[in-house]
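The values are calculated or read from the model by the stated rules, or taken from the named source; none is laboratory data. Just so it is clear, the structure is predicted and the values come from calculations on it, not from any experiment. Using ideal geometry, Cβ is built from the backbone for each residue, glycine included, and neighbour counts are taken over all protein chains shown. Quick note on the areas: whole protein, heavy atoms, side chains included, nothing else; ligands and nucleic acids left out. Shrake-Rupley method; radii C 1.70, N 1.55, O 1.52, S 1.80 Å.
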Amino acid sequence: MHRSFALVIHGGAGVIEREQLSAEEEAAIRADLDAALDVGHAVLAVGGSALDAVEAAVAALEELPRFNAGKGSVYNAVGRHELDASIMEGHTRRAGAVAGVETIRNPVKLARAVMEHSPHVMMISAGAEQFADTHAGIERVANAWFATDTR
């Protein structure tokens, strides 16, 4: 039986004007977006859940410095990175979110942990980071890890 599916991603909030990009930069951005789609597609292709595919694709974007979801995040007013992520499972209406985390390498993974392992929908800042410490697989990094020359 052939299953059809679609996976849609975006590269984050904000605007990058095409005329400000070189052809090489635009090609690199598109290649990174394709790589994140490939990660999610690979999950779906072997029968994985939509939730697993979404988490995998977003985690891939969080690792790519050309976007502002993880590595490459913009700075806040005091020169630090604060990250947010959310995830939702539509058919069950379960949701999880984190906001203002500063040391969570992949905030989408923590958002999923909030959804699956807490009675809450959203955790923020220090409380979310403390919750992360109670779950294996949630990697912590120094805030400087999110910095890139572009930002």
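For segment 88-148, which trypsin sites (Lys or Arg not before Pro) pass both filters: DSSP loop (anything but H, G, I, E, B) and at most 15 other C-beta atoms within 10 Å? Here the trypsin sites (Lys or Arg not before Pro) that fit, given the DSSP loop and packing criteria, are 93. Adding -39500 (n - 2.57) for every DSSP H run of four residues or longer, then dividing by how many residues the chain holds, sets the calculated 222 nm ellipticity at -12000 deg cm²/dmol. What's the carbon and sulfur percent of the chain's accessible surface, probe 1.4 angstrom, rounded to a whole number? With neighbouring chains kept in place, the figure for the chain is 55 percent. Only the Cβ atoms of Lys and Arg (+1) and of Asp and Glu (-1) were treated as charged; on that basis the dipole of segment 32-151 about its Cα centre amounts to roughly 200 debye. Counting only DSSP beta bridges with both residues in the chain, what percent are antiparallel, rounded to the nearest 5? Here the share of antiparallel DSSP bridges comes out near 70 percent. Entry comment: accessible area of the chain is 59 Å² per residue, from protein heavy atoms only and a probe of 1.4 Å. The share of C-alpha pairs in the chain whose separation exceeds 18 Å stands at 59 percent. Along the axis of the charge dipole computed for segment 9-151 (Cβ charges of +1 for Lys and Arg, -1 for Asp and Glu, origin at the Cα centre), the listed residues 14, 44, 87 are led at the positive end by 87.
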